[in-house]
Structure formats: structure tokens, C-alpha cells
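One structure is given here, and the rest of the page talks about it.
The values are calculated or read from the model by the stated rules, or taken from the named source; none is laboratory data. Bear in mind the structure is a predicted one, so any value in this text is a computation, not a measurement. No Cβ is skipped: glycine too gets one built from the backbone with ideal geometry, and neighbour counts run over all protein chains shown. Side chains included, ligands, DNA and RNA excluded: accessible areas come from the protein's heavy atoms. Shrake-Rupley method; radii C 1.70, N 1.55, O 1.52, S 1.80 Å.
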Amino acid sequence: MTQFIPHRGIYVVARQYRGKTVMTILNGTPYVTTLPVSRYAEVIGQHRQGKNIFCGCAIDLTKDIQLQPRESLIIEF
């Protein structure tokens, strides 16, 4: 498990087990904000795409991710 220092109100925790990774991302601000994907390169590694477990939709891990106010996002890859 890797817990990152909160950055600009965004909290990220990643768990890795048997080649799978799950990232929990929380926007703790009342504003739309952007998650800089490059900041989490150590856990994303070479993955280019993840899956949002709430909707099953694809998340592009090569681009920064926009988060809505107080949004929670769980991505697996």
C-alpha cells in the first residue's frame, strides 16, 4: 500500500497485489481540479488505461484526470 502526501486537496492511496493495482482518489476541495497523472508514475508504471470501478468506463492514464468537487474515484489496472 502506498499513501501519497495530499497535493492541492487531492488524496491518493494505491494498493498493489499480485500484479493488480487499485488507486483511490479523493478530491477534498469544493472545486473542479486536475489530478496530475505524472505525480503517481511510480504506481501507474507502464499502464496506459485503467477502469473506473463505479461505472466500468475506461480512464486514460496518459492524461491528467479532471475531478469534480468532492469527487471520489477508484481506478483499477
Select from region 12-32 the residues that are touching a residue at least 12 places away in the same chain (Cβ under 8 Å) and of a type in the set (Gly, Ala, Ser) and write down the one among them that is surrounded by the fewest Cβ atoms within 10 Å (Cβ to Cβ). GLY28
Checking GLY9 against (1) touching a Gly at 6+ places or on another chain (Cβ under 8 Å); (2) exposed (fewer than 13 other Cβ atoms within 10 Å of the Cβ); (3) on the phi > 0 side of the Ramachandran plot: exactly one of these is not met. Which one? (2)
Could you tell me whether any residue of region 51-68 is in contact with a His (Cβ under 8 Å, 6 or more places away or on another chain) and either open to solvent by 60 Å² or more (accessible area, probe 1.4 Å) or among the charged types (D, E, K, R) (or both)? no
Go through region 1-24 and give me each residue that's of a type in the set (A, V, I, L, M), more than 13 Å from ILE44 (Cα to Cα) and outside any loop (DSSP other than H, G, I, E, B). ILE10
Could you list, in sequence order, the residues of region 3-23 that are among the β-branched types (Val, Ile, Thr) and more than 12 Å from the chain's Cα centre (by Cα)? ILE5
